[in-house]
Amino acid sequence: MKLIRDTWLVYARQLGLVIRQPTWVFIMLIQPLYYLILFGPLLNGLEGMPGFEAGAMETFVPGLVIMMAMFGTLFSGFGLIAEIREGVIERFRVTPISRLALLLGRSLRDVTTLVFQALILVLLSSPIGGLTIYWDGLALMMLIVIGIGLALSAASYGVAIVLKSEDALAPLLNTVTQPVLLLSGIMLPMALAPDWLQTVAKFNPFAYAVDAARALFNGDLASNAIWQAAVFIGALMLLLVFWSARKFSRAAA
Amino acid sequence: MLIETKGLRKTFRARKGNVEAVRGVDLSVKEGEIFGFLGPNGAGKTTTLRMLSTLLEPTGGSARVAGADLLKEPAQVRRQIGYVGQSGGTWGEVTAREELVMQGRLYEMGKTAARERAVEVIEAFELSEFADRKVKTYSGGQRRRLDVALGTVHQPSLLFLDEPTTGLDPQARAHMWDEIKKLRERGTAVFITTHYLDEADALCDRLAIIDHGEIVTEGTPIELKRQIAGDIVLVGVNGAAAKAVALLEPAEYVREVQTDEPDPTGVTLLRLYVENGSAAVPEILRALDRAEVTISSMELHRPSLDDVFLRQTGRSLRESD
């Protein structure tokens, strides 16, 4: 099928570029490692407290992985702005290639590096933070990571096409991500929050993703958060990919 | 006809009302010709080019490009045309060969076919010396040659080139002209926009000038220059420009007078379109002298495309940059 072939073409090119210069893949790992090493130990004393029933690291690391999924892909738009400026996107858009493939190939590349980074983080958390890894849960958790990665990398590309400027993109992303991050219970579980804050967090799809990641990671497959995250993140992903694909096909870039 | 447009128009919706960038353009480009498309910045040149190459959806009118309907079958148009934008569209971290193979793949070639075609194109455009180096190491001329080469990978019947020689040194420009002429020899029609009128004169079989979103004139370079029958006398006068115009406009040997803005030294350049330059010069001198208008310079020249452009748009192409 043409869409799959075209997506593969774009994906292979983009992934090739990453493999040629893999430094960034590792640089993006530094921030979560800081959290793991410099913030994680603060939580050890909270083990067994509300929200930390499953263990401090076992609660913190799944959240950290979700944070990585959010931040790792959200800044992909910067690369696209450079490509727009060099006329690469325009050159591709006058060829018969599927417009959706231009987006999907890039987003899947972002998701590939993201999954790779997330696995390294989890593996390092074991020796560094004393994390116990539950492999089946980890595999399922990666599906959430992929969903978030696709959704946010698509969003980032769409916004990049609209703004066409790095100077406008950076503050916008920061303004949106900070509250979403704080309301997702990544640093500390939302169970510790006052009622009003918990109510606000109910409107944040990423809060469900964090809860679901924790439940999966700890083998609590009956948790409601899992299907809720699947529905909310899945819907968000479809919405953002659809929106961004339209931007790709209409862009006057 | 490779391109045939009827009333092609584009209106942009802006906060302060609509902007009519292109107001009904009728164009025709024949098989195998080099067609020059000229216009000052903001005249609708780029918008027209972007519509014809499927990058921008027209608001109205109709067009057939390379045998397909632009509005109804843009995908079919894309398969038949090549397009080289102003910024080229190559990525610094890959090599020319990789870009050429990718381009073939984008045009639905198989892997082997794309590789073989890349080899052919590298040879045809003499890229072999640097084909396996990263694009970011290329000179401006080398990069531009690769850009044009990329547009021809799928052997389109029509190639759009948006200012292919802007920013090139004279030698690289000459080289580019040769490449474009070679394309015509191989039967590819070339639709080219340029800021250089000498280039349009030397290279194009036919041209059109667009201004304020409409085609103001169209024809071969010779036809266009013939529109300005006779010669042009440029007279610089110190002050008293209005007086000089009043004096010369009714004179029977002057067909038309255009006045430029005065330069910082107070000299105003009058552009006199005259029947016969050598006969008019002494008449003009005498008339101005009698009226005690100070003449600071005088020049007689044969019409060039610059004059055609100036006559049609009231602007010089260079100063509108």
Original post:
Which number in (1) modelled with pLDDT of 95 or more; (2) surrounded by fewer than 23 Cβ atoms within 10 Å (Cβ to Cβ); (3) not aromatic (Phe, Trp, Tyr) marks the one condition that residue B:60 misses?
Top reply: (1)
Subject >> Yes/no for residue A:112 being at pLDDT 90 or above and assigned to a helix (DSSP H, G or I) >> reply: yes
Subject >> Residue identified as assigned to a helix (DSSP H, G or I) and either within 14 Å of chain B (Cβ to nearest Cβ) or in contact with a His (Cβ under 9 Å, 6 or more places away or on another chain) (or both) among A:214, A:246 >> reply: A:246
**OP:** Quick one: count up the residues across segment A:71-87 that are more than 7 Å from chain B (Cβ to nearest Cβ), part of a loop (DSSP other than H, G, I, E, B) and surrounded by fewer than 22 Cβ atoms within 10 Å (Cβ to Cβ).
**Re:** 1
**OP:** Just need a number here: residues in segment B:75-85 that are at the interface with chain A (Cβ under 7 Å from one of its Cβ atoms) and surrounded by fewer than 23 Cβ atoms within 10 Å (Cβ to Cβ).
**Re:** 2
Original post:
Among the residues of segment B:286-293, is any outside the structural domain of residue B:40 (by TED's automatic domain parsing), within 30 Å of residue B:202 (Cβ to Cβ) and β-branched (Val, Ile, Thr)?
Top reply: no
Subject >> Members of segment B:146-192 that are small (Gly, Ala, Ser), modelled with pLDDT of 90 or more and in a loop (DSSP other than H, G, I, E, B) >> reply: B:157, B:187
**OP:** Mind listing just one residue for me: the one in segment B:217-258 that is β-branched (Val, Ile, Thr) and more than 22 Å from residue B:289 (Cβ to Cβ) and, of those, surrounded by the most Cβ atoms within 10 Å (Cβ to Cβ)?
**Re:** B:228
**OP:** Taking the options B:93, B:99, B:108, name whichever one is part of a helix (DSSP H, G or I) and of a type in the set (Asp, Glu).
**Re:** B:99
Original post:
Is at least one residue of segment A:50-62 at pLDDT 85 or above, within 17 Å of residue A:116 (Cα to Cα) and assigned to a helix (DSSP H, G or I)?
Top reply: yes
Original post:
Does residue B:271 satisfy the condition of being outside any helix (DSSP H, G or I), under 31 Å from the mean Cα position of the chain (by Cα), outside the structural domain of residue B:214 (by TED's automatic domain parsing) and not aliphatic (A, V, I, L, M)?
Top reply: yes
Original post:
For the subset of segment B:194-214 comprising residues that are at pLDDT 90 or above, in contact with an Asp or Glu (Cβ under 8 Å, 6 or more places away or on another chain) and surrounded by fewer than 22 Cβ atoms within 10 Å (Cβ to Cβ), which member is farthest from residue B:181 (Cα to Cα)?
Top reply: B:206
Subject >> Meets criteria (in contact with a Phe, Trp or Tyr (Cβ under 8 Å, 6 or more places away or on another chain), farther than 25 Å from residue A:80 by Cβ and within 14 Å of chain A (Cβ to nearest Cβ)) for residue B:106 >> reply: no
**OP:** Have a look at A:53, A:58, A:90 and point out the one that is more than 24 Å from residue A:150 (Cβ to Cβ) and within 14 Å of another protein chain (Cβ to nearest Cβ).
**Re:** A:90
Original post:
Do we find a residue being in a helix (DSSP H, G or I), over 30 Å from residue B:44 (Cα atoms) and touching a Lys or Arg at 6+ places or on another chain (Cβ under 8 Å) anywhere in segment B:128-145?
Top reply: yes
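The values are calculated or read from the model by the stated rules, or taken from the named source; none is laboratory data. Keep in mind that this is a model prediction, so the values were computed, not measured. Using ideal geometry, Cβ is built from the backbone for each residue, glycine included, and neighbour counts are taken over all protein chains shown.
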